[in-house]
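The values are calculated or read from the model by the stated rules, or taken from the named source; none is laboratory data. Worth saying up front: this structure is predicted, and the values here are computed from it rather than measured. Cβ sites come from the backbone with ideal geometry, for glycine too, and all protein chains shown count toward neighbours.
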Amino acid sequence: MSAAGSALFANVDWAEIGRAGVDTLAMLGGSLVLTVAVGLPLGVLLFLTGRGQLLAQPLAHGLLSVLVNVLRSVPFIILLIVMIPVTVVLVGTSLGVPGAIPPLVVGAAPFFARLVESALREVDRGVIEAAQAMGASPRQIVFDALLPEATPGILAAATVTAIALVSYTAMAGVVGAGGLGDLAVRFGYQRFQTDVMVVTVALLLVLVQVLQMIGDRAVAHFSRR
Amino acid sequence: MIELSDIHKTYRAGSGEVAALRGIDLRVAAGEVFGVIGQSGAGKSSLIRMINLLERPTAGRVTVDGVDAASLDAAGLRGLRRRIGMIFQHFNLLSSKTVVENVAFPLQLEGRLSREDIRARALALLDRVDLADQADKYPAQLSGGQKQRVGVARALACEPKILLCDEATSALDPETTRQVLRLLRELNGELGLTIVLITHEMDVIRRVCDRVAVLEAGRVVEQGVVADVFLSPRHATTRRLIEEGGDADDAGAGGPGAGRTVRLTYRGETTYAPLLGRIARETGVDYSILGGRVAHIRDLPYGQLTLALVGGDVDAALAQFAAAGVAVEEIDR
């Protein structure tokens, strides 16, 4: 850092910023993997049980749909607090990065599931019909036709979800999970350290840009249309 | 080979019900090309989906190759569907798979052959439809006609005895349509494939089918050998479909001219016989040609001529035509 740089960012503790960055990435990585692991099957089920679909089950679809809507309508900051007892059971603590991951997943998985459902709806019905006409079982239709065809849409959904998770992690400071967003709130806002605010927000912005770029590349790679 | 007995299909639409099929009886013999023609909404696409039970009849029996399709369990039905190939108006190829992977797809689902055997068979099928050089492209890179040929190769992958064609040429231009129809005819000849096709174009029926059924509002209003139905349609719907195809010989009606107007229909070799001049000379009848065409129904040449006849012995002339095997129909003007 030059002298001018140090003066400009007088309050910025770069080691602190580094730790916060690692925390954000850990929360993001951990929760994204689990969100996809939970949300993808949920989205597939939402799609398959829907009206006129392969395993049309109005009752099951209605129940899943209500569950997803309820979870999606709880503000994340409330979810963080309400989830505390469940989080303790799941990961043994409600604090720090591990304590933030269960609420992040519960907050993001229903969102991702809805996006997956709509990505699957975009798959040409004719392709599913063709697979049926070839004697494909429902399992084969899902794994060999539906998911490969919807891959670009699902990757785009994962990108949107990852970016939503970045903004969720900013609230995870409530349970002491740290991260860049937490730094911005505690130092930048509450202590009026504008320089910390600027640096953390800039880093979050870069993170979002990078995620979007990776996502766009992945979508382009798998698009054959 | 395929037998549909008293098939009914009713859909629920809002609070009411819509009957798509109302008592269909059809038999398709092994090795024949059977066409079902009708306007949109006539029930064609429901009808063809009864055969592989993509849609279940509300009432009636579907028998394929001696098996009552409704009696099959899920696994049995999947087995039956593997023995019935199907091609579609919009091709329905998997956009995420290459051409050769698309053709291999049914074999992969079947899971009987090794990976190498599957690929070899898929490549052989692509070669049969002249697309071996496109094997590693994606469907989006192909033209419509090429996509449909991939569809045909895929439909044949499991060596079916029956091929269902759901408006297979409706999204193609006329030249590509002829190519695909020629391919279907070749496959019918080479493999003894039984083909059921649905279309709204009389031209498709004329080019490939042995027999045809005309569908109107969920009922078969006319069926028979294509040449009979085509050259002497009995039902108004059939006549309308022939007119829409531009194949109607509608000349003569309302035109000027004296004498009697007749329509002569030739079939087979008679089409090329120099009858008209000879009969005119012998009976002293003068004629003017009001309309006509010479074309083929599958491989059968036929001609239709509308003539105004004046002078001489018209009755004798008509008798001579009839004796020569020409169908004579007098038209009132």
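Tabulated results
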| item | result |
| --- | --- |
| Some residue of region A:191-211 being at negative phi and of a type in the set (Phe, Trp, Tyr) | no |
| Residue match in region A:146-155 (condition: part of a helix (DSSP H, G or I), within 14 Å of another protein chain (Cβ to nearest Cβ) and farther than 30 Å from B:Arg78 by Cα) | yes |
| Where B:Ala168 falls short, out of the listed (1) under 24 Å from B:Val28 (Cβ atoms); (2) surrounded by fewer than 21 Cβ atoms within 10 Å (Cβ to Cβ) | (2) |
| For A:Asp195: the one exception among (1) away from chain B (no Cβ under 14 Å); (2) within 20 Å of the chain's Cα centre (by Cα); (3) touching a residue at least 60 places away in the same chain (Cβ under 8 Å) | (2) |
| Residues of region B:268-300 classified as surrounded by fewer than 18 Cβ atoms within 10 Å (Cβ to Cβ) and either over 12 Å from B:Phe321 (Cβ atoms) or assigned by TED's automatic domain parsing to the domain that holds B:Leu231 (or both), total | 19 |
| Total residues in region B:56-104, condition more than 8 Å from chain A (Cβ to nearest Cβ), basic (Lys, Arg) and either assigned to a strand (DSSP E or B) or touching a residue at least 60 places away in the same chain (Cβ under 8 Å) (or both) | 2 |
| Matching residues in region A:20-57 - criterion: being assigned to a helix (DSSP H, G or I) and among the polar types (S, T, N, Q) | A:Thr24, A:Ser31, A:Thr35 |
| Subset of region B:128-143 (residues that are within 14 Å of chain A (Cβ to nearest Cβ) and either in contact (Cβ under 8 Å) with a residue 40 or more places away in the chain or in a loop (DSSP other than H, G, I, E, B) (or both)) | B:Asp136, B:Lys137, B:Tyr138, B:Pro139, B:Ala140, B:Leu142 |
| Some residue of region B:250-260 being assigned to a loop (DSSP other than H, G, I, E, B), crowded, with 17+ Cβ neighbours inside 10 Å, within 27 Å of the chain's Cα centre (by Cα) and at pLDDT below 80 | yes |
| Residue in region B:162-175 that is away from chain A (no Cβ under 11 Å) and part of a helix (DSSP H, G or I) present | yes |
| Residues that are within 17 Å of the chain's Cα centre (by Cα) and without any contact (Cβ under 8 Å) to a residue 12 or more places away in the chain, drawn from region A:35-68 | A:Ala37, A:Pro41 |
| Failed condition for B:Arg112, given (1) within 14 Å of chain A (Cβ to nearest Cβ); (2) buried (at least 18 other Cβ atoms within 10 Å of the Cβ) | (2) |
